[in-house]
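Working notes for the structure below.
The values are calculated or read from the model by the stated rules, or taken from the named source; none is laboratory data. Since this is a predicted model, take the numbers as computed values, not measurements. No Cβ is skipped: glycine too gets one built from the backbone with ideal geometry, and neighbour counts run over all protein chains shown.
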Amino acid sequence: MAKNTNINLRNKMIYSVYVRNHGASGTFQDVIDDLDRIKGLGTDIIWLMPIHPIGQLNKKGELGCPYSISDFTKVNPEYGTEEDFKILIEKAHDKNMQIMIDVVYNHTSHDSVYRSSNPEYFFRRPDGNFGNKIADWSDIIDLDYDNKDLWKLQIDALIKWVKLGVDGFRCDVAPLVPMAFWLEARSEIEKINPDIIWLAETVHPHFLEYGRNHGIKMASDCETYQAFDICYDYDTHPEFLGFLRGENTLETYLERKRAQENIYPDNYVKARFLENHDNPRAKKMIPNDVMLDNWTAFSFFEKGAILIYAGQEAKDIHCPSLFEIDKVNWSGLDDQYAALIKTLSRLKKDSIFAHGRYKIHNCRKMDVILATYVHEDEVLYGIFNIGQKAGEIDLHVSDRSYLDLSPLKDGCYKDEISGSHLSIRSGKLELSDQPVIFRKSSLV
């Protein structure tokens with residue numbers, strides 16, 4: 001973790017937008033026109049997937065992938081002009097939201113400006129040809145960060161966007177780029193704006209192991225935290241998908257979550273999500289609406305920033321193609337689900353989520369998640385009935401590695417999500433099929 005990371009990032013909601021497929025015109029204007037609704041969900045930071053020109057040589061699909069970039073210093077004319085982008089930044093700032101852009105520094109398109117001006121900046125395969133070190137990314141070629149001249153140009157591009165008003169960077173496959181580069185970039189950017197947010201797309205454990213086994217230098221989450229404020233939650237994602245597919249238990253997944261509390265720095269921040277542009281839509285994986293509500297509430301409750309991929313709030317089941325015009329289906333916008341997201345985002349702003357001691361407890365009740373935050377005299381409880389179980393849950397938890405929680409007094413407590421009252425007797429609560437969040441101090 002960067003030593004100066006602001007842990008209040010744990011209170012933030014990040015909303016991811018793919019400009020091409022967000023609205024009718026596929027331009028920055030679509031996003032500008034949608035800012036009030038996006039803000040109304042509780043969004044703090046809008047992350048724009050790559051806004052730069054897309055390479056045409058060896059492109060995928062009709063229009064090419066936004067992660068195959070030809071020039072890091074320009075705006076994709078498909079989206080509008082640089083002035084249009086600046087207007088988007090200004091209007092988002094007027095609504096007290098920040099703008100984060102995608103930084104794709106591991107590679108470029110085959111026809112990038114660097115290839116013609118500085119071919120020495122690129123990785124070469126044993127046969128001497130351009131290529132990439134790993135995966136089937138046929139539309140891109142990897143950069144070579146052993147060449148320090150490349151570093152200055154890459155940092156200069158970041159400086160340009162910061163001076164234009166950008167508030168943060170989401171860095172694509174950040175572990176494949178040397179941490180020494182990211183540390184230098186962070187240091188240089190801090191001279192201009194010390195509050196820039198750095199979000200790393202870290203990688204799945206199996207991908208990390210595969211890369212290292214093939215001699216490719218890749219950083220773990222622990223190493224990535226040296227330079228970044230937020231890392232992806234991919235270290236627990238295989239177990240999340242595994243549970244949904246019936247391949248592992250919920251407890252297996254939760255045990256991976258618990259480990260984060262003792263393997264990462266004390267000020268770590270994770271990007272929590274149910275879906276993103278590289279993974280299936282949440283509604284597709286979790287078709288039952290009540291179960292989706294529980295998973296959504298848990299994702300907000302977790303320690304870290306929450307990431308929502310545009311269309312998630314509309315329960316879109318189709319993940320838009322990166323390579324074609326493939327619009328988000330907004331027809332499923334659901335007042336109940338959008339209201340849940342708004343409520344959870346409002347709760348997320350409470351300082352206990354940033355400063356409290358967090359614990360996922362073993363409640364000995366299959367497929368129910370019980371988690372707490374403790375800060376000073378307050379305790380915040382979250383109960384998420386993933387398996388839709390019936391019966392009572394014992395809320396008196398004791399763990400020598402955590403903070404012993406004194407038994408809750410009998411009485412009625414206020415559910416922060418629904419506003420209804422919860423009756424607790426002898427430390428036990430009747431399970432609801434809906435997610436429940438309540439405070440120790442809310443005893444009526």
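Observations on the structure shown:
- Tally, over segment 2-50, of residues that are in contact with a Phe, Trp or Tyr (Cβ under 8 Å, 6 or more places away or on another chain) and over 29 Å from residue 349 (Cα atoms): 3
- Test for residue 426: is it surrounded by fewer than 20 Cβ atoms within 10 Å (Cβ to Cβ) and on the phi > 0 side of the Ramachandran plot: yes
- Taken together, the residues in segment 122-144 that are under 29 Å from residue 89 (Cβ atoms) and without any contact (Cβ under 8 Å) to a residue 60 or more places away in the chain amount to 1.
- When 156, 127 are screened for being surrounded by fewer than 17 Cβ atoms within 10 Å (Cβ to Cβ), of a type in the set (D, E, K, R), over 24 Å from residue 17 (Cβ atoms) and modelled with pLDDT under 95, only 127 passes.
- Within segment 319-354, the residues that satisfy the criterion of being farther than 14 Å from residue 302 by Cβ and either among the aliphatic types (A, V, I, L, M) or not assigned by TED's automatic domain parsing to the domain that holds residue 256 (or both) are 322, 325, 328, 333, 338, 339, 340, 341.
- Flag set for residue 353, criterion: touching a helix residue (DSSP H, G or I) at 6+ places or on another chain (Cβ under 6 Å) and of a type outside the set (A, V, I, L, M).
- Checking residue 346 against (1) part of a loop (DSSP other than H, G, I, E, B); (2) surrounded by fewer than 18 Cβ atoms within 10 Å (Cβ to Cβ), the condition it does not meet: (1)
- Where residue 241 falls short, out of the listed (1) farther than 30 Å from residue 431 by Cβ; (2) surrounded by fewer than 17 Cβ atoms within 10 Å (Cβ to Cβ); (3) in contact (Cβ under 8 Å) with a residue 12 or more places away in the chain: (1)
- Failed item in (1) farther than 25 Å from residue 233 by Cβ; (2) outside the structural domain of residue 183 (by TED's automatic domain parsing), with residue 95 passing the rest: (2)
- Selection from segment 66-97 of residues that are surrounded by fewer than 21 Cβ atoms within 10 Å (Cβ to Cβ), assigned to a loop (DSSP other than H, G, I, E, B) and under 23 Å from the mean Cα position of the chain (by Cα): 95, 96, 97
- Which listed residue is assigned to a loop (DSSP other than H, G, I, E, B), surrounded by fewer than 21 Cβ atoms within 10 Å (Cβ to Cβ) and modelled with pLDDT under 95, from 265, 287: 265
- Just one of the listed residues (46, 38, 32, 14) is of a type outside the set (D, E, K, R), in contact (Cβ under 8 Å) with a residue 24 or more places away in the chain, over 30 Å from residue 175 (Cβ atoms) and not in a loop (DSSP other than H, G, I, E, B), and it is 32.
- For residue 386, the requirement of being touching a Leu at 6+ places or on another chain (Cβ under 7 Å) and within 23 Å of residue 240 (Cβ to Cβ) is met.
- Where residue 20 falls short, out of the listed (1) farther than 30 Å from residue 304 by Cβ; (2) surrounded by 15 or more Cβ atoms within 10 Å (Cβ to Cβ): (1)
- Residue in segment 320-343 that is surrounded by the fewest Cβ atoms within 10 Å (Cβ to Cβ), counting only those that are within 23 Å of residue 436 (Cα to Cα) and of a type in the set (S, T, N, Q): 336
- Failed condition for residue 61, given (1) part of a loop (DSSP other than H, G, I, E, B); (2) surrounded by 15 or more Cβ atoms within 10 Å (Cβ to Cβ): (2)
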